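Novice: Supplied in structure tokens, the structure appears directly below.
The values are calculated or read from the model by the stated rules, or taken from the named source; none is laboratory data. Fair warning: this is a prediction, and the values are worked out from it, not measured in the lab. Neighbour counts are summed over all protein chains in view; Cβ atoms, including those assigned to glycine, are modelled from backbone coordinates with ideal geometry. Only protein heavy atoms, including side chains, enter the accessible area calculation; ligands, DNA and RNA are left aside. Shrake-Rupley method; radii C 1.70, N 1.55, O 1.52, S 1.80 Å.
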Amino acid sequence: MGRGPLRIAATAVLGLSGCVALAACGDGNAVQGNREVAGGEAARGKAILTANTHGCGGCHTIPGIPNAHGTVGPPLHGMALRGYVAGRLPNDPGNLVRWISGPQEIDPRSAMPDTGITTAEAAHVAAYLYTLRDIPK
Ligand code: HEC
């Protein structure tokens with residue numbers, strides 16, 4: 001008794017400061033941080049995803065990519081707005097490229113396999129994913 005409400009209040013304060021730090025809560029359209037991928041061209045990323053050379057669309061639903069309707073992994077809508085990549089890394093260009101090009105190096109327990117995509121291709125794909133700001137209502 002007594003400690004419960006205190007802990008809830010403390011959690012609320014922590015949660016709030018987390019929101020402030022991310023500037024993500026409350027406004028779903030707030031874009032945080034840098035979304036410019038060095039060496040990444042969105043049009044080339046779209047072409048890579050459309051060709052589905054690395055199987056991304058077999059596992060992910062990706063807005064704007066024909067036949068990318070996979071449901072193994074999370075849908076990739078709104079990637080420009082997200083605070084984290086795969087819930088593990090702060091969402092910034094370097095981390096998004098790292099995740100796409102080598103998820104198993106970040107977490108070998110992840111269900112996303114290394115696909116063999118090159119870092120250069122991953123940069124193009126990341127640039128395309130950062131054009132996605134749609135959140136289905
Ligand atoms: C075999 C299925 C599979 C393939 C192929 C695959 N992924 Fe994934 N992907 C996943 C799963 C499962 C997750 C969730 C991983 C986790 O949280 O550990 C994921 C997570 C992600 C995330 C993080 C999404 C988020 O909500 O933060 C991105 C971005 C991503 N994948 C992009 C790609 C791209 C680009 C490709 C192609 C190069 C690809 N994936 C290929 C299954 C796959």
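Novice: List every residue pair whose Cβ atoms sit under 9 Å apart, with the two residues 6 or more apart in sequence or on different chains, where the first one lies in the range 41-59 and is without any contact (Cβ under 8 Å) to a residue 60 or more places away in the chain and among the small types (G, A, S) and the second, anywhere, is surrounded by 16 or more Cβ atoms within 10 Å (Cβ to Cβ) and not in a helix (DSSP H, G or I).
Specialist: Pairs found: G57/I65; G57/A68; G57/G70; G58/N52; G58/A68; G58/G70.
Novice: Contact list please: Cβ distance under 9 Å, first residue in the range 66-95 and free of Cβ contacts under 8 Å to residues at least 12 places away in the same chain, second residue within 6 Å of the ligand (Cβ to nearest atom) and open to solvent by less than 20 Å² (accessible area, probe 1.4 Å), pairs at least six apart or on different chains.
Specialist: Filtered contacts from the range 66-95: N95/V85.
Novice: Let me ask something else. Which is under 15 Å from the mean Cα position of the chain (by Cα), within 12 Å of the ligand (Cβ to nearest atom), assigned to a loop (DSSP other than H, G, I, E, B) and crowded, with 18+ Cβ neighbours inside 10 Å, of H54, H77?
Specialist: Numbers: H54 fails: under 15 Å from the mean Cα position of the chain (by Cα).
From the options H54, H77, the qualifying one is H77.
Novice: Among the residues of the range 119-137, which ones are open to solvent by 20 Å² or more (accessible area, probe 1.4 Å) and more than 10 Å from the ligand (Cβ to nearest atom)?
Specialist: T119, A120, T131, R133, D134, I135, P136, K137
Novice: Right, next: For R98, are the conditions met, namely being open to solvent by 60 Å² or more (accessible area, probe 1.4 Å), assigned to a helix (DSSP H, G or I) and within 11 Å of the ligand (Cβ to nearest atom)?
Specialist: yes
Novice: Would you check if I62 is more than 7 Å from the ligand (Cβ to nearest atom) and surrounded by 20 or more Cβ atoms within 10 Å (Cβ to Cβ)?
Specialist: yes
Novice: Given the residues G116, G45, which is the only one that is modelled with pLDDT of 95 or more, outside any helix (DSSP H, G or I) and within 9 Å of the ligand (Cβ to nearest atom)? Break it down into steps so the answer makes sense when it comes.
Specialist: On the way: G45 fails: outside any helix (DSSP H, G or I).
After applying the criteria, what remains is G116.
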